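Written below as structure tokens is the structure these notes are about.
The values are calculated or read from the model by the stated rules, or taken from the named source; none is laboratory data. Quick caveat, the model's predicted, so the values are computed rather than measured. Cβ sites come from the backbone with ideal geometry, for glycine too, and all protein chains shown count toward neighbours.
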Amino acid sequence: MATLSTLVDDVLKRLNDDGTLFTRAEVTRWLSEGLRRIAVQSKHARTFTALDMPPRHFTAITHQWESNLANGSYRKWTFTHQNGQRECTFLWEAQAADEAPIESHLRAVSNLWEITTQAGEVDAPYRFYLPKNESIVYSVWHDHERLISATTSTLDTLEDRWWSIDGEPFLYTQGLGPSETFEIFEIDTEYRQSYDHVDRNQGFPRSFSGDRTYSVDSESHEWGYAYAWNGESAAPSTQLTGIGRRFTQGPEHDTVNDEQGFFYTHDWEGQQHRGEEVTVSTFVAETNPLRFDPDVDPPVGELFNLAQGIFRKGVSTSRQYFPSSQWNVLGGCRAFGSSDDAVLVWHSVLPPDTPSEEAEINIIPDQVRKYLIYYAMGVLLNRQGEGYDPALAEHYNLRASRGPILMHKLGNVSRAATTYTRGVTGRSTERGNRLPRLPSNFPRAPWLRD
Amino acid sequence: MTREEIRKRILYLLNEDVDNPVFFTEAQANTVIQEAMEVLAEEVTELRREGFIVVEPGRFIYMLPELSDVAMTPLRIWSDSDQERLDPITMKELDDFQERWMESTGDKPEWWYPVSHDAFGLWPIPVNGGQVLRVEYLAWPETLGQDTDRPNFKEELQDLLVLYGQYDGLVRQWEPERALDIFFSFAASFRDGRFKSATHKFQQQFFNRDSVGSRFARP
């Protein structure tokens, strides 16, 4: 996979520079910006993203300034009052603060999934949070039915407090929330979650369970042997074939012999070894060290356990597992989603805004990379100082401008197809009956003579 | 012309020794020829190729890189198994046609729709799979690997490759004025209608289809 590093070399060659006048970091920055410019202007890269209901977000904040510390999507769940000096949980607090008559108000939640925990309307928009790399939303479906786009002004004329009405979703609106969000109307408050990534902070999924039947198609998905400590796995390969799995815990430092390598099966063994109080262990030692034995039924909820590698591809005859970020083919799957009983968004995406020579350029075809070079050349040659060449810079800028146009043309096939379709739905190409015309010498109607 | 002939002509125009160039190495010249072919392919939209995709059961989105690394955009999809052309459609039209089109399955795909610049979908979702789809696509040029390779352009277009190479060489020699003159000559070829017929043919081939009004009316 090509990285920006090769393009940096190319730019420096064109500039006849070895990094003296133009540093590699600077060239990298402009190449990266050129890539984003193509994506921003052309919107050529589009993908699907599935969102569970109710909407999830990374964190809930009380004050707006907390958003600067939020490392992800955030939801401000309070009502700002008195020029930001006061944040209210309920609106009646604002009334109380201003000594106005207090009225009862709807309940408040910090996370939208809390809507499902109690009955009653919530005074908060049903707001979905899009991925950071989202650019423009083209379509939204709920449970595979397309939602109609609407503006808040339209919804305001339809219903009072429309954002809290329960029902079947049929509209979506950009709403009045921050960018990279949208809201739907009416709201479905039932709690749904397609996949639950257990122990997500431990890394990639190792097994799958659910109401579907899963199996793994890999030659190396079964353990060849089990072993208790590292020394056993170093046995000659003639005796051990396949991939080994250690079924013990540890190793811990052996305080008695001052050596590394105390392996144990039960928790109490470790506690005893460490000189701690031995407690009743809740850990059940594995009676089946291989964990996957064709003659033994697999434990409930764990239908297979990958011996080697990570989940790379999902195949089903009744549905398609589609990589939401199909351009980043390296790495592993960190999140899973489904469009069943959920919200599906079709949107364009942007490349990451972190310039790095190691960054992969996979969001555009290889043949379009030359436009990144043109963009970087245009910017670098237009910089005051040595190497300043405005005429050539302008030329490179012109050449760079073709990149977004080309990708827009390639990525905008849907609109072009609609435009050029012969006989578009609902538009008649037949000429209607001609209106009757009277001869010029036909006498005028008496009431028009004056 | 072969790549070697094109390269020599470029070097000659740049006043370089064709056998031992100084300012413009052979490798650089070859890279420029490749770039020129890409630019030409983008502007003329003349290169077309075809590839085959075998439909997998339950799978409805396919990526162009699966077809070829040089695939630019699909033009026409033909089901070789059923001897039928798949009509292009948009997701919006599918929404208008059927509420839950995403769940519709069938024995064979009938329509295709663009998803991204490098992905397209099939409708209805094929249950059994196995059909062979012949995808005709607009392409970037293949890489010329040897000096004896010839660009897949008409002879009359190959002159433009030389022109582009001369332009790029002049830019590297810091002669922007002459370079821009050459480049304008290169670009003028697209403006003067020389390739309009090819472009027009492309549009007709892609967009010419039957009226969809009656077929898309909801029952």
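Structure values in brief
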item: Filtered residues of region A:328-351 (kept if over 30 Å from A:Glu168 (Cβ atoms) and either within 14 Å of chain B (Cβ to nearest Cβ) or exposed (fewer than 15 other Cβ atoms within 10 Å of the Cβ) (or both)); result: A:Asn328, A:Val329, A:Leu330, A:Gly331, A:Gly332, A:Arg334, A:Leu350, A:Pro351
item: Extreme residue, nearest to A:Leu406 (Cα to Cα), among residues of region A:355-374 that are facing chain B (nearest Cβ under 10 Å) and β-branched (Val, Ile, Thr); result: A:Val368
item: Filtered residue count, region A:396-412, keeping only those that are surrounded by 21 or more Cβ atoms within 10 Å (Cβ to Cβ), facing chain B (nearest Cβ under 10 Å) and either within 19 Å of B:Pro176 (Cα to Cα) or at pLDDT below 85 (or both); result: 2
item: Top-ranked residue in region A:384-395 [being facing chain B (nearest Cβ under 9 Å) and assigned to a helix (DSSP H, G or I); ranked as modelled with the lowest pLDDT]; result: A:Ala391
item: Residue within region B:53-63 that is touching a residue at least 12 places away in the same chain (Cβ under 8 Å) and closer than 24 Å to B:Phe153 by Cβ present; result: no
item: Counted residues, region B:65-84 - those being within 13 Å of chain A (Cβ to nearest Cβ), of a type in the set (Gly, Ala, Ser) and not in a loop (DSSP other than H, G, I, E, B); result: 1
item: Check on B:Leu75, at pLDDT below 90 and either crowded, with 19+ Cβ neighbours inside 10 Å or not assigned by TED's automatic domain parsing to the domain that holds B:Phe184 (or both); result: yes
item: Single match in A:Gln95, A:Gln118, A:Gln82, A:Gln64 (criterion: over 21 Å from the mean Cα position of the chain (by Cα) and either surrounded by 17 or more Cβ atoms within 10 Å (Cβ to Cβ) or within 28 Å of A:Val137 (Cα to Cα) (or both)); result: A:Gln64
item: Test set (1) within 12 Å of chain B (Cβ to nearest Cβ); (2) crowded, with 16+ Cβ neighbours inside 10 Å; (3) of a type outside the set (Val, Ile, Thr) - A:Lys313 fails condition number; result: (2)
item: Subset tally (residues that are of a type in the set (A, V, I, L, M) and at positive phi) for region A:309-366; result: 0
item: Exclusive hit being of a type in the set (Ser, Thr, Tyr), within 14 Å of chain B (Cβ to nearest Cβ) and in contact (Cβ under 8 Å) with a residue 12 or more places away in the chain, set A:Ser139, A:Ser110; result: A:Ser139
item: Any strands (runs of 3 or more DSSP E) falling wholly within region A:108-160 and containing at least 2 residues that are in contact with a Phe, Trp or Tyr (Cβ under 9 Å, 6 or more places away or on another chain) and either over 23 Å from B:Lys92 (Cα atoms) or not hydrophobic (A, V, I, L, M, F, W, C) (or both); result: A:127-129, A:134-142
item: Hey, B:Arg100 more than 24 Å from A:Gln41 (Cβ to Cβ) and within 10 Å of chain A (Cβ to nearest Cβ) or not; result: yes
item: Matching entry among A:Ser215, A:Ser179 (being more than 22 Å from the chain's Cα centre (by Cα), at pLDDT below 90 and assigned to a loop (DSSP other than H, G, I, E, B)); result: A:Ser215
item: Answer residue from region B:43-64, given it is among the charged types (D, E, K, R) and within 26 Å of A:Trp346 (Cβ to Cβ) and is nearest to the other protein chains (Cβ to nearest Cβ) among those; result: B:Arg59
item: Residue check for B:Gln146: surrounded by fewer than 20 Cβ atoms within 10 Å (Cβ to Cβ) and either without any contact (Cβ under 8 Å) to a residue 40 or more places away in the chain or over 18 Å from B:Met37 (Cβ atoms) (or both); result: no
item: Region B:147-174, residues that are charged (D, E, K, R) and within 10 Å of chain A (Cβ to nearest Cβ); result: B:Asp168, B:Arg172
item: Members of region B:164-184 found to be touching a residue at least 24 places away in the same chain (Cβ under 8 Å) and either in a helix (DSSP H, G or I) or among the small types (Gly, Ala, Ser) (or both), listed by number; result: B:Tyr164, B:Gly165, B:Gln166, B:Asp168, B:Gly169, B:Leu170, B:Arg172
item: Number of positions in region B:103-121 that are under 21 Å from B:Leu64 (Cβ atoms) and either facing chain A (nearest Cβ under 10 Å) or among the acidic types (Asp, Glu) (or both); result: 10
item: Subset of region A:176-215 (residues that are aliphatic (A, V, I, L, M) and crowded, with 16+ Cβ neighbours inside 10 Å); result: A:Ile184, A:Ile187
item: Only listed residue being among the β-branched types (Val, Ile, Thr), surrounded by fewer than 18 Cβ atoms within 10 Å (Cβ to Cβ), more than 20 Å from the chain's Cα centre (by Cα) and away from chain A (no Cβ under 12 Å), chosen from B:Val127, B:Val132; result: B:Val132
item: Members of region B:28-55 found to be among the β-branched types (Val, Ile, Thr) and either assigned to a strand (DSSP E or B) or under 16 Å from B:Asp69 (Cα atoms) (or both), listed by number; result: B:Ile53, B:Val54
